[in-house]
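Presented below is the structure to which this report refers.
No value in this document is a laboratory result; all are computed from the given coordinates. Please read all numbers here as calculations on a predicted model, not as lab measurements. Cβ atoms come from the backbone with ideal geometry, glycine included; neighbour counts cover every protein chain shown.
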Amino acid sequence: MSVQTRVLYQPFEIEYRELVTFSSKYYRNNYFTLIYILDGTGIQLVNNHRFNYRKGNLFLITPQDTFSFDISIPTKFFFLSFDASYIKLNKDHDWVERMDFILNNASHRPGCILKNRVDKPLIASLVENIVQEQNNQQLYHSKITETIVQTIILVVARNIALKLPKNIKENTGEAVLDILHYIQENIFTPDRLKVGEMCSNLGISVSYLGKYFKKQTGETLQQYIINYKLRLVEMRLLHSDMRINEIVFELNYTDESHLNRLFKKYKGINPSEFRRVQSVANQPGKI
């Protein structure tokens, strides 16, 4: 697989492209890229996973992700790229820490990131406005464009935050965010999620970790890890053509029956049935 690394030369860049075919290369960025589908259908390929895309989908590519697109119907892409330095321009240190965590929290959540239904028309309108500003280049267009960019990033952060533990607030302490980030970074390596290993890497005592995490998030460590892995299973069922046994292997479940039991216990339905039901519900034309 040929991978081309791309570099960003300014705090943010905007690009609009109409494509019949996407480059055969995979791309890896050292920055964040939001990709909005204005029209068209096909498959998004990210980190060796495949996800169907269609008009209105919004994807977040995080630093070091590899991605490409397999276009079925000619597609209009809107690309908004920005790096960590753009987020850090904000003078509110706590806000910067929060935004950095939320955006990086998307690294294991491929597929469309718009989970809040009311935000879908909002993003569509914001993207349309930013394209118009770029085309018209009227007075103050640069400042207006930057304001829209900031709004889009905030809406994206809100949608990612909807999947964070229920007790995580905007002012949550940095320590618990470090714990969450550690779990997410190591979710595919079970040995690194053992309490002793976590405490050693995070510099937290074994007796303190569990109590602190439960107080801050409302969940035990084990509950959070189970729920987080199941959300990753959901994403793969909804947005990829991965077989159940492939999901089992990737997420280190013992076997398919183990995943089936756990998924049904927490979701009330087995993975195959969940995929079938959601596929029918999400057919084009259904709201």
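Values for this structure:
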| item | result |
| --- | --- |
| For the range 242-255, Karplus couplings with θ = phi - 60° (6.51, -1.76, 1.60), whole Hz, Gly/Pro x | 4, 6, 4, 5, 5, 5, 4, 5, 4, 9, 6, 7, 4, 6 |
| Net charge over other residues, Cβ less than 9 angstrom from the Cβ of GLN44 (K, R count +1; D, E count -1) | 0 |
| The range 142-154 - phi-based ³J(HN,Hα) in whole Hz, Karplus 6.51/-1.76/1.60, Gly and Pro as x | 5, 5, 5, 4, 4, 5, 5, 4, 4, 5, 4, 4, 5 |
| Lysine-lysine proximity count for the range 174-281, Cα under 20 Å, sequence distance 8 or more or distinct chains | 8 |
| Other-chain or far-sequence residues with amide H under 5 Å of SER72's (modelled H) | THR41, GLY42, ILE43 |
| Structure-based [θ]222 nm, the chain - -39500 (n - 2.57) summed over DSSP H runs of at least 4, per residue, nearest 500 | -15000 deg cm²/dmol |
| Percent antiparallel among DSSP beta bridges (both partners in the range 3-161, rounded to 5) | 90 percent |
| Euclidean distance of C-alpha centroids, the range 189-249 and the range 1-57, integer Å | 29 Å |
| With 5 Å bins from 0: P(r) over the chain, alpha-carbon pairs, percent | 1, 5, 11, 15, 17, 17, 14, 10, 6, 3, 1, 0, 0 |
| Residue among VAL156, VAL127, VAL277 with the largest mean-square fluctuation in a Gaussian network model of the chain, springs linking Cα atoms under 10 Å | VAL277 |
| Three-way shape label, the range 174-281, alpha-carbon gyration tensor, a/c 1.5 | prolate |
| Gyration tensor verdict on the range 3-161 (Cα atoms; rounded if a/c is under 1.5, prolate if a/b is larger than b/c, oblate otherwise) | rounded |
| Sum of side-chain charges, VAL131 neighbourhood, beta-carbon under 13 Å (Lys, Arg +1; Asp, Glu -1) | -3 |
| Two-site label geometry, VAL195 and ARG261: point separation in nm, points 7 Å out along Cα→Cβ | 2.2 nm |
